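Working notes, structure below.
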């Protein structure tokens with residue numbers, strides 16, 4: 001049974017290009033091609049068994065980040081591959097937070113695109129080496145590579161925060177109170193000169209507390 005795919009992009013030439021790539025692949029069935037992201041959400045509300053959505057990021061009606069937010073909220077089982085000219089670490093981080101399953105640039109080869117699609121349809125994630133390098137390099141600024149002494153307990157809390165444990169989950173895991181967890185969180189923000197969770201996560205990655213490779217997820 002062929003995999004059902006949706007393509008959404010505001011450039012007809014790109015949609016035509018993807019269509020020509022997939023037309024000779026028997027296990028791929030493109031069920032919708034559109035330049036209107038909102039139509040995708042409407043389509044999903046009335047159609048079952050969509051396996052993959054291939055989407056651009058920069059689109060006038062609704063960008064790919066907003067689209068991925070909506071899709072993953074309403075239809076978490078639908079997998080998403082973002083195809084864009086962007087190689088922006090912050091944008092990629094947002095998409096990762098939304099749960100997208102892949103990211104390749106529009107200048108990628110046909111072979112890499114098909115590899116990404118096959119990988120995602122097999123149940124794994126695929127992110128191009130180019131965007132992974134940009135993502136990793138963004139963590140190693142001069143300021144962030146300065147040594148900041150942290151206690152073993154602070155390192156434990158930092159790792160769990162970066163792994164998106166809740167305050168209660170951290171408290172239960174470390175056998176401390178929620179108030180103590182919040183105190184550690186505030187101290188970590190001050191010590192590491194971080195503004196939010198993303199900042200703490202960057203430091204956790206630099207210190208080797210969590211893996212930087214999204215392909216391993």
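So residue 29 clears everything in (1) surrounded by 15 or more Cβ atoms within 10 Å (Cβ to Cβ); (2) more than 30 Å from residue 136 (Cα to Cα) except one condition, right? Which one?
The one condition residue 29 does not meet is (1).
Among the residues of the stretch 148-177, how many are surrounded by 14 or more Cβ atoms within 10 Å (Cβ to Cβ), over 28 Å from the mean Cα position of the chain (by Cα) and without any contact (Cβ under 8 Å) to a residue 12 or more places away in the chain?
Count: 1.
What pairs come out if I take residues in the stretch 18-42 that are not assigned by TED's automatic domain parsing to the domain that holds residue 63 and pair them with residues that are part of a strand (DSSP E or B) and crowded, with 17+ Cβ neighbours inside 10 Å whose C-beta lies under 6 Å away, six or more apart or interchain?
So the pair list comes out empty.
Test each condition in (1) outside any helix (DSSP H, G or I); (2) surrounded by fewer than 15 Cβ atoms within 10 Å (Cβ to Cβ); (3) touching a helix residue (DSSP H, G or I) at 6+ places or on another chain (Cβ under 7 Å) for residue 21 and report the one that comes out false.
Just one mismatch for residue 21, condition (1).
Here is a list of conditions, (1) over 17 Å from residue 104 (Cα atoms); (2) out of contact with any strand residue (DSSP E or B) (no Cβ under 9 Å at 6 or more places or on another chain); (3) part of a helix (DSSP H, G or I), and residue 40 meets all of them except one; can you say which number that is?
Exception for residue 40: condition (2).
What pairs can you find where one residue is in the stretch 183-194 and crowded, with 18+ Cβ neighbours inside 10 Å, the other is assigned to a loop (DSSP other than H, G, I, E, B), and their Cβ atoms are less than 9 Å apart, with a gap of 6+ or different chains?
Pairs that qualify, where the first residue is crowded, with 18+ Cβ neighbours inside 10 Å and the partner is assigned to a loop (DSSP other than H, G, I, E, B), are 184/176; 188/150; 188/194; 192/144; 192/148; 192/150.
Take the stretch 127-158 and flag every residue that is modelled with pLDDT of 75 or more, in contact with a helix residue (DSSP H, G or I) (Cβ under 8 Å, 6 or more places away or on another chain) and not in a helix (DSSP H, G or I).
127, 128, 150, listed by residue number.
The values are calculated or read from the model by the stated rules, or taken from the named source; none is laboratory data. Since this is a predicted model, take the numbers as computed values, not measurements. Ideal geometry is used to build each Cβ from the backbone, glycine not excepted, and the neighbour counts take in all protein chains shown.
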